[in-house]
There are 2 protein chains.
Amino acid sequence: MTVSEENYIKVIYHLSLVSPKGINTNAIAGMIDTKASSVTDMLKKLSDKELVSYQKYQGVTLTEKGFYLAKMIVRKHRLWEVFLVNKLHFTWDEVHEIAEELEHIQSEKLMNRLDEFLGFPAFDPHGDPIPNKNGEMVTIDKILLSEADLNLEYVCVGVKNSSVEFLQYLDKQKISLGSNIKVLSKEEFDASLTIELNLKTLTISHKIAENLFIKIQ
Amino acid sequence: MTVSEENYIKVIYHLSLVSPKGINTNAIAGMIDTKASSVTDMLKKLSDKELVSYQKYQGVTLTEKGFYLAKMIVRKHRLWEVFLVNKLHFTWDEVHEIAEELEHIQSEKLMNRLDEFLGFPAFDPHGDPIPNKNGEMVTIDKILLSEADLNLEYVCVGVKNSSVEFLQYLDKQKISLGSNIKVLSKEEFDASLTIELNLKTLTISHKIAENLFIKIQ
DNA sequence: ATAAATATTTAGTTTTGTCTAAAAATATTT
DNA sequence: AAATATTTTTAGACAAAACTAAATATTTAT
């Protein structure tokens, strides 16, 4: 597997989680920052390797083999992120770019040893689940903060958007994984929320609320 | 810098340490397992980037810039090896191949953090010195076991050959970095040595002796 | 010092992953 | 349902890094 092939597999995987039908050529091109024609070329190659099922003009889906491979790449990415944050004290907004490189290192033994070294973490620093060596991962009943009921006790468990800007905004507001959140009120006009965060009151926009995952209790 | 360019720079660096004059095209080809014509192509490219000084037919030397870059690649390789052995419990014969991949990860901050995490090690698991962030590294007065004087107390400080076969041979004989070695006698016919190793007597061939670094005391 | 052997470079080709421009298929609008 | 718009694919080209085969330098041997 080349780095390029792995990046396509990974992008198809992430798109598949959002829309479970065939993934469009253009959607892939948008994520990888390449042209649709290049995507078509690569889909043929991945299809020859039986990593995707591809019918001309009908989009693409991962095969069993491709799906497992994608999860192994995601596993590597997220384990490296945990390493960078927990062991090397990087902040959660610094690790994505480095992990994008590290996820292509080819050694299953390395990842299993790293997994053990880190204590078999179930989630990465952004709250995303880490597949184990068999590709299995835990699922939690998380919802977006924008969908929260008023006056219930929630806890922040993840971010939908992992951009540097968003993560640094959360740091500034002292919002982190594990923060306790209660929605006190919702503004009709702009859907902004007034929330209680770790005993302090704070107003956040709808755009922030729809990028934060929470769960009850 | 591409992975390929970095591999050329690294090989030229290692060859330079052995023979300090211009490095031959063929010597590079032999180390990289490629053809001389491919080397010529790459030398032109590296010369354009001012990483090497290259005169047709006259061999190549690293520029200041290329030399520093080479040391940073070596630094990465050796720090990752320390990580793999000290933190993930790999054996010294398993780490070279993985480090060959990891050495191309591009993040100075990552390496400086890893360096700190490992306690700023001065040597890798094979006894090779690790350049610091400025490219400086310690030198020790090491000699080959094949050049040792009789009946002096030496300590094993490194291996010249890091092949899996050699390292596993050393494991089998319980020879490791830090082992105490005294040469009891040398056979005229084949230059084999009878040595005292950690209080036991052992016979080793000349080929082994000329791949083990030792120092006095 | 010339001939033979070796080393290096040049020229032209291949593969991978990309691109542009044009053609073809599908989707949307009227 | 036809016309228009959008999406996707094809065809042909390019750059990087390798290759082969031929040409040219350099080194070694006679």
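The values are calculated or read from the model by the stated rules, or taken from the named source; none is laboratory data. Since we're looking at a predicted model, the values are computed, not measured. As a convention, Cβ positions derive from the backbone with ideal geometry for all residues, glycine included, and neighbour counts pool all protein chains shown.
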Any chance you could count how many residues in the stretch B:192-211 are assigned to a loop (DSSP other than H, G, I, E, B), modelled with pLDDT of 95 or more and more than 14 Å from B:Ala148 (Cβ to Cβ)? 1
Out of (1) within 12 Å of DNA strand D (Cβ to nearest atom); (2) free of Cβ contacts under 8 Å to residues at least 40 places away in the same chain; (3) crowded, with 17+ Cβ neighbours inside 10 Å; (4) within 29 Å of B:Phe166 (Cβ to Cβ), what's the single condition that is false for B:Phe90? (1)
Among the numbered criteria (1) buried (at least 18 other Cβ atoms within 10 Å of the Cβ); (2) assigned to a loop (DSSP other than H, G, I, E, B); (3) touching a strand residue (DSSP E or B) at 6+ places or on another chain (Cβ under 7 Å), which one does A:His104 miss? (3)
Could you list, in sequence order, the residues of the stretch A:37-65 that are near DNA strand D (Cβ under 10 Å from one of its atoms) and either within 14 Å of chain B (Cβ to nearest Cβ) or loosely packed, with under 14 Cβ neighbours inside 10 Å (or both)? A:Ser37, A:Asp41, A:Lys44, A:Gln55, A:Lys56, A:Tyr57, A:Gln58
Taking the stretch B:103-137 on its own, how many of its residues are under 16 Å from the mean Cα position of the chain (by Cα) and within 14 Å of chain A (Cβ to nearest Cβ)? 1
Do you know which residues across the stretch A:1-23 are at pLDDT 95 or above, away from chain B (no Cβ under 14 Å) and within 13 Å of DNA strand D (Cβ to nearest atom)? A:Tyr8, A:Ile12, A:Leu15, A:Ile23
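Residues checked against (1) among the aliphatic types (A, V, I, L, M); (2) closer than 17 Å to A:Leu102 by Cα:
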residue	(1), (2)
B:Leu51	yes, no
B:Tyr57	no, no
B:His77	no, yes
B:Leu84	yes, yes
B:Ser107	no, yes
B:Pro125	no, no
B:Glu136	no, no
Residue hits (the stretch A:49-67; within 13 Å of DNA strand C (Cβ to nearest atom) and over 13 Å from A:Tyr8 (Cβ atoms)) are A:Gln55, A:Lys56, A:Tyr57, A:Gln58, A:Gly59
Tell me, please, whether a residue that is surrounded by fewer than 14 Cβ atoms within 10 Å (Cβ to Cβ), part of a loop (DSSP other than H, G, I, E, B), within 16 Å of the chain's Cα centre (by Cα) and at pLDDT 95 or above can be found in the stretch A:144-152. no
Scan of the stretch B:81-98 for residues that are at negative phi and facing chain A (nearest Cβ under 10 Å), ordered by number: B:Phe83, B:Leu84, B:Lys87, B:Leu88, B:Phe90, B:Glu94, B:Val95, B:Glu97, B:Ile98
Unmet requirement for B:Asn86, which otherwise passes all of (1) assigned to a loop (DSSP other than H, G, I, E, B); (2) more than 30 Å from A:Thr2 (Cβ to Cβ): (1)
Identify, by number, the condition in (1) assigned to a loop (DSSP other than H, G, I, E, B); (2) without any contact (Cβ under 8 Å) to a residue 40 or more places away in the chain; (3) within 30 Å of B:Val85 (Cα to Cα) that A:His126 doesn't meet. (2)
In the stretch A:160-187, the residues that are surrounded by 13 or more Cβ atoms within 10 Å (Cβ to Cβ), not in a helix (DSSP H, G or I) and not polar (S, T, N, Q): A:Lys160, A:Ile175, A:Leu177, A:Ile181, A:Lys182, A:Val183, A:Leu184, A:Lys186
